[in-house]
């Protein structure tokens, strides 16, 4: 759990010099690096959709997708800060909030049409609509029994927003004390669980994965010898897996995201492995266009696939058993089609947010190494 036990001295990396490992980093084409992260994020999104359609808990254990998504986002955030400085925060917020606002406007229109009403504790009163503008906490959806589908996934948006806002400070601290920072972030949700602290749990739970993304960007993960790295991953997986399985078996939790401490350890194990390796086959993956599309529309896919899942469930529940093969296959097909429709209708907003020319099918590929004005263009559409 603590990389410090390996005996590594803290390494000071000046802000803006995440590319101090540039000599090493430049050996790998930027396009291959980006495609690998594209592939990981696409796999994570597919896993999230499968889980919400099927409800199979083992999918979360097999691929802790949310930890992986935060690890990737942390790496890309560090790259953005190195390239753009503090303005990278505004760039990231714009790319998150514009599609979120569109989702919010449509959600509130649907809810108001159905009859918005505050919850008994008043937490869904009209004043709470502020959180649909700046989601520093999960925004309300009123009282309709089906409204959860428009809210249940928004913890990810809230957590991502907080981590982006904190990133300039986090990156400076990380580059001053890299391994101790990861160790403290890994221990933080465990300490919160033992102390009975629940506020800010998701930020604490995935902070360590975000910092692992920083380490990936700064090329620090490969500085650890594999023999030590393997022991670390095995320790994280063993402790986290035992914790998660114990919570599920005893009935204390039925969702990986609500198993305090165990979620962090299990997610860290996968993130540590996947961000350390750089498979050679990635450059030969034949689905480059599909990967670009999924990643260019990642926020739209994430936001809209859960309401699509509810819609298919309500449609098929009267005629097919929930766990039947036919029901699962039809739900999955319907969710994919409905989400694709949302991508066609609203996906272009992500182009506007990224200040690209709006298109139906995402940006065209970036060619790395092509001379532009006497200099070589660098890939970096993620930055």
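Helices (runs of 4 or more DSSP H) wholly in segment 1-108 with at least 1 residues that are over 23 Å from residue 186 (Cβ atoms), within 21 Å of the chain's Cα centre (by Cα) and at pLDDT below 80 - which ones?
The qualifying helices (runs of 4 or more DSSP H) are 30-54.
Out of (1) surrounded by 20 or more Cβ atoms within 10 Å (Cβ to Cβ); (2) touching a residue at least 24 places away in the same chain (Cβ under 8 Å); (3) under 19 Å from residue 210 (Cα atoms), the odd one out for residue 53 is which?
Among (1) surrounded by 20 or more Cβ atoms within 10 Å (Cβ to Cβ); (2) touching a residue at least 24 places away in the same chain (Cβ under 8 Å); (3) under 19 Å from residue 210 (Cα atoms), the lone unmet condition for residue 53 is (3).
Residue-by-condition table, conditions (1) at negative phi; (2) crowded, with 17+ Cβ neighbours inside 10 Å; (3) in a helix (DSSP H, G or I); (4) out of contact with any helix residue (DSSP H, G or I) (no Cβ under 9 Å at 6 or more places or on another chain):
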site	(1), (2), (3), (4)
210	yes, yes, yes, no
213	yes, yes, yes, no
241	yes, no, yes, no
244	yes, yes, yes, no
248	yes, yes, yes, no
253	yes, yes, no, no
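Among helices (runs of 4 or more DSSP H) lying entirely in segment 282-383, which contain 1 or more residues that are closer than 17 Å to residue 97 by Cα, at pLDDT below 90 and in contact with a helix residue (DSSP H, G or I) (Cβ under 6 Å, 6 or more places away or on another chain)? Walk me through it before giving the result.
Numbers: elements: 288-296, 298-316, 325-346, 348-353.
Passing ranges: none, list empty.
Please find, within segment 177-201, the residue that is farthest from residue 274 (Cα to Cα) out of those that are modelled with pLDDT of 90 or more, buried (at least 18 other Cβ atoms within 10 Å of the Cβ) and touching a helix residue (DSSP H, G or I) at 6+ places or on another chain (Cβ under 6 Å).
188
Closer than 15 Å to residue 260 by Cα, within 19 Å of the chain's Cα centre (by Cα) and assigned to a helix (DSSP H, G or I): is that true of residue 203 in this structure?
Taking the combined requirement at face value, the residue satisfies it.
Could we say that residue 220 is surrounded by fewer than 18 Cβ atoms within 10 Å (Cβ to Cβ) and at pLDDT 90 or above here?
No: the conditions fail for residue 220.
The values are calculated or read from the model by the stated rules, or taken from the named source; none is laboratory data. Values in this document were obtained by computation on a predicted structure and should not be read as measured data. Don't worry about glycine lacking a Cβ; one is built from the backbone with ideal geometry, like all the others, and counts go over all protein chains shown.
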